[in-house]
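Structure first, commentary second.
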């Protein structure tokens with residue numbers, strides 16, 4: 001029984017939300033919930049594939065504090081995200097947008113696949129239309145037999 005309680009305590013203690021330090025938590029539960037929602041969508045620039053809520057990096061802490069600071073100042077969720085994106089670029093978003101230059105990146109993969117398919121089909125059709133190799137003349141067959149005998 002004691003081991004089970006210890007395992008539960010360790011599982012709760014090791015959760016990703018514990019990267020947020022107690023001194024960062026806002027006294028207003030509604031603002032804190034908004035801050036957590038925003039932080040879950042922002043990438044830690046040090047850890048790459050972790051949200052700033054999950055990361056213990058110093059920069060992630062600074063970003064968490066910045067998000068909370070902007071919320072306390074009265075910014076909406078969209079304004080906070082726009083502020084962070086303006087400051088750090090779109091790379092900070094865990095879910096990139098589909099507009100602008102990102103649209104080119106989203107469409108490049110399928111476009112390259114279709115281009116490769118078209119090239120393959122063209123190659124196979126041209127190969128099928130190619131003339132078969134000519135047969136050997138009787139003199140060439142005799143010479144080939146002589147060469148193979150040696």
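Please treat every number below as a calculation from the coordinates, not as lab data. Here the structure is a predicted model, which means the values were calculated and not measured. Cβ atoms come from the backbone with ideal geometry, glycine included; neighbour counts cover every protein chain shown.
Computed from the alpha carbon atoms alone, the convex hull of the range 65-140 holds 128 Å³ per residue. Against the longest alpha carbon principal axis of the chain, how many degrees, from 0 to 90 and to the nearest 10, is the axis of helix 2-13 turned? Rounded to the nearest ten degrees, it is 80. The value obtained for the range 105-150, namely the Cα convex hull volume divided by the number of residues, is 92 Å³ per residue. Ranked for footprinting exposure by Cβ neighbours inside 10 Å, fewest first, 42, 105, 94 give 105, 94, 42.
Here the range 120-150 and the range 86-113 have alpha carbon centers that stand 51 Å from each other. Angle of helix 77-88 to the longest C-alpha principal axis of the chain, folded into 0 to 90 degrees and rounded to 10: 60°. Relative contact order for the chain: 17 percent, from Cα pairs under 8 Å spaced at least 6 residues apart, divided by residue count.
Legend: Rg and Dmax of the range 11-92, from Cα coordinates, 11.9, 37 Å.
Estimated from helices alone, the mean residue ellipticity of the chain at 222 nm is -20000 deg cm²/dmol (sum of -39500 (n - 2.57) over DSSP H runs with n ≥ 4, per residue).
Computed from Cα atoms, the angle from the helix 138-149 axis to the main principal axis of the chain rounds to 70 degrees. In summary, the chain shows an alpha-carbon radius of gyration equal to 2.14 times the 2.2 N^0.38 Å reference for compact globular proteins.
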